[in-house]
Amino acid sequence: MSSALPPCPECQSEYTYHDGTRLVCPECAHEWNEGEEQDQLSLKDSVGNKIVEGDKVTLVKDLKVKGTSTVLKVGTKAVIKRIVEGDHDIDCKVDGAGPMMLKSSVVKKA
Ligand SMILES: [Zn+2]
């Protein structure tokens, strides 16, 4: 009998099990309520597209990199590594510039 349980949202382990009403991951000890796993963190980009972790995006405006003379040009590619809470809500890896916190309002899904 194959398990219909979803994989762990934290570590993608397939060995999740039910503990009463909650789902438990034996590999990273993450616990969550059933149904919650569909609430993958997502944001809206500058034009209203849903963006999630792992999405490729491009910049929609020139961005000056704080503390440097570097300017990231419109169209620069980036990959969303992590969605976080706060003003700068996406942790990106930017082409040619490396990891950087950006605002979802300055990117567009590629
Ligand atoms: Zn896990």
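Summary table
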{"read-out": "Lysines with Cα under 17 Å of Lys61, excluding same-chain neighbours fewer than 8 positions away", "value": "Lys44, Lys73, Lys77, Lys93, Lys103, Lys108, Lys109"}
{"read-out": "Potential extension, Asp62-Asp91 segment - 0.36 nm per residue separation minus Cα distance", "value": "8.7 nm"}
{"read-out": "Likely footprinting exposure, Asp87, Asp45, Asp95, Asp62, fewest C-beta neighbours within 10 Å first", "value": "Asp87, Asp62, Asp95, Asp45"}
{"read-out": "Packing-based exposure ordering (other Cβ within 10 Å, fewest first) of Thr68, Thr76, Thr16", "value": "Thr68, Thr76, Thr16"}
{"read-out": "Under the Karplus curve 6.51 cos²θ - 1.76 cosθ + 1.60, θ = phi - 60°, whole-Hz ³J(HN,Hα) for segment 94-106, x wherever Gly or Pro sits", "value": "9, 3, x, 10, x, x, 7, 8, 10, 9, 4, 6, 10"}
{"read-out": "Percentage relative contact order, the chain, counting C-alpha pairs under 8 Å, at least six apart", "value": "20"}
{"read-out": "Rounded FRET efficiency, nearest 0.05, which uses the C-beta distance separating Ser105 from Thr70 and R0 of 22 Å", "value": "0.65"}
{"read-out": "Residues Cys11, Cys25, Cys92 arranged by fewest to most Cβ contacts within 10 Å", "value": "Cys11, Cys25, Cys92"}
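Rule-based calculations on the coordinates, nothing more; no lab input. Keep in mind the model is a prediction, meaning the values are calculated, not measured. In this analysis, Cβ positions are derived from the backbone assuming ideal geometry, glycine residues included, and neighbour counts consider all displayed protein chains.
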